[in-house]
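Accompanying notes for the structure given below.
The values are calculated or read from the model by the stated rules, or taken from the named source; none is laboratory data. Keep in mind that what you see is a predicted model, and the values were worked out from it rather than measured. With ideal geometry, Cβ positions are generated from the backbone for all residues, glycine too; neighbour counts draw on all protein chains shown.
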Amino acid sequence: MRVITTHFNWSDSNQFDRMLKVLIYTVTSCGLPIQVISLGTMEGSRSHKLDNMWKARMLNYAVQNATNGEQLLLVDCDAIMTADPSHVFDQPFDIAITMRSRTGKINSGVVFVRVSERVKQFYEKWLEIQETMFVDAYFMGDWYKQYRGINQAAFMWCRESGIADDLDILELPCRVYNSCTDDHPAPKPQERYIIHMHFGELRKMLFTKKRDIRKTRNVRRHQRMLGLRELWLEKEKEAEHIRVEDYIKIFPEKMQESLMEVV
């Protein structure tokens, strides 16, 4: 299994540079290879929807250029791996997605892919629908709000419209394979394979001095987030020796230009 992540950092912050280093360290510590598809530093301030458009283009590029039969794990760079999840591929599927236990909705920050021609065709269609949603608010409708992200909205549109009917899609629990702070109750860190630091409040904690962190009303939830913060900071110290440039593949310039036509 090969792990692939995407990376670009907005010029007003280096947070994603730091998170990428930790992901690389934790993946390689599990004995897995990882490739980073990067756009480098982007000028300006972060836009969540635009970020997800870049990510979709980059991951589609990765899938289209993979060998049929290859096993890929596509994961957001704001995550850490606590154990090797390669055993997921012992099960038969084309695409394995993670589902939130509380809401029953997907989180596309972790996707297992068994590459084939029909999977490549699906990724092209998934990207096409996402691009349509990005430029056409009417077409998007309530999908973005319902599925909490344009990647996820486009995936569910494809699934519910029948485009994914010829795919074997396996659903995995977020709480084990893509654990998020909003997916409770989650098992202890050592019983999870991937922990996703995507949640805004948690991510803010990572880069705030402990004395400046404001307490939340939910004491137990606050303690869980503090625990995840300490785990991430510990991994960041261990990752100091990682040379990110050794893992980066720059996204092709022509592909960047074609995306700019969309955005």
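Would you confirm whether any residue within the stretch 116-139 is under 19 Å from the mean Cα position of the chain (by Cα), within 19 Å of Leu23 (Cα to Cα) and at pLDDT below 95?
no
Determine which single condition Glu43 fails, assuming it passes every other condition in (1) modelled with pLDDT under 95; (2) under 17 Å from the mean Cα position of the chain (by Cα); (3) more than 16 Å from Val111 (Cβ to Cβ).
The one condition Glu43 does not meet is (2).
Report yes if some residue within the stretch 17-38 is modelled with pLDDT under 95, outside any helix (DSSP H, G or I), among the β-branched types (Val, Ile, Thr) and in contact with a strand residue (DSSP E or B) (Cβ under 8 Å, 6 or more places away or on another chain); otherwise report no.
yes
Here are Glu201, Glu236, Glu240: which of them is under 19 Å from the mean Cα position of the chain (by Cα), modelled with pLDDT of 90 or more and among the charged types (D, E, K, R)?
Glu236
Can you find a residue that is free of Cβ contacts under 8 Å to residues at least 12 places away in the same chain, surrounded by 15 or more Cβ atoms within 10 Å (Cβ to Cβ) and either among the β-branched types (Val, Ile, Thr) or assigned to a helix (DSSP H, G or I) (or both) anywhere in the stretch 197-219?
no
Just wondering, is there one or more residues in the stretch 109-123 that are on the phi > 0 side of the Ramachandran plot and surrounded by fewer than 21 Cβ atoms within 10 Å (Cβ to Cβ)?
Checking the stretch 109-123: not a single residue is on the phi > 0 side of the Ramachandran plot and surrounded by fewer than 21 Cβ atoms within 10 Å (Cβ to Cβ).
If Ala186 passes every condition in (1) at pLDDT below 80; (2) aliphatic (A, V, I, L, M); (3) more than 23 Å from Cys30 (Cα to Cα) but one, which one does it miss?
(3)
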